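Since every read-out is calculated from the coordinates, none of them should be taken as a lab result. Note that the structure is a prediction, hence the values are computed from the model and not measured. FYI the Cβ positions are ideal-geometry reconstructions off the backbone, even for glycines, and counts take in every protein chain you see.
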Amino acid sequence: MEYRGGCHCGAVRWQALGPAHIEAERCNCSICFMSGYVELIVPAARFTLLQGSEALHTYTFNTGVAQHHFCRHCGVKSFYVPRSNPDGISLNIHCFDQPPSNITISDFDGVNWEQNAHTLAERSKL
């Protein structure tokens, strides 16, 4: 299915192809917990940034592998490149234009990321 979304102010817009039934994760790591991020990871080849590359600001921390892209106007992170799947894109389901109707949300223990990251490792594969 095609999903569309973006940031709060509309400067950043994207589309992505994903499964009809979404299996998303609610992570409790420091950044996801504080921002209320719930993710669906898709292969990078199935993601298209439609507009707003100039509006994006990138934040990294810890290992610097994850590329957290925020709209510099409204501050919303509607997608990012995850450390667990650097060949993929993590979409924030709260930023979809239309909330998916067929979704399962599981809790992911990101506080203990090193012990649990392997459970996400195949999410970006075609």
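Okay, here's what the table says:
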{"quantity": "Gained length - GLN115 relative to CYS9, 0.36 nm times residue gap less alpha-carbon distance", "calculated": "34.5 nm"}
{"quantity": "The chain - mean residue ellipticity at 222 nm from DSSP helices (-39,500 (n - 2.57) per run, n ≥ 4, rounded to 500)", "calculated": "-1500 deg cm²/dmol"}
{"quantity": "³J(HN,Hα), Karplus 6.51/-1.76/1.60, whole Hz, each residue of the stretch 19-35, x for Gly, Pro", "calculated": "x, 5, 9, 8, 10, 10, 10, 9, 9, 10, 5, 4, 6, 5, 4, 5, 9"}
{"quantity": "Residue-wise HN-Hα coupling along the stretch 77-82, computed from phi with Karplus coefficients 6.51, -1.76, 1.60 (Hz; x: Gly, Pro)", "calculated": "9, 8, 7, 7, 8, x"}
{"quantity": "Extension gain, ARG72 back to LEU50 (0.36 nm per residue minus Cα-Cα distance, nm)", "calculated": "6.3 nm"}
{"quantity": "Chymotrypsin sites (Phe, Trp or Tyr not before Pro) lying in DSSP loop within the stretch 49-126, provided at most 16 other Cβ fall within 10 Å", "calculated": "PHE61"}
{"quantity": "Gained length - ILE105 relative to VAL65, 0.36 nm times residue gap less alpha-carbon distance", "calculated": "11.9 nm"}
{"quantity": "Read-out semi-axes √(5λ) of the Cα gyration tensor in Å, derived from the coordinates shown; its label in (i) 20, 18, 14; (ii) 24, 16, 13; (iii) 48, 19, 15", "calculated": "(i)"}
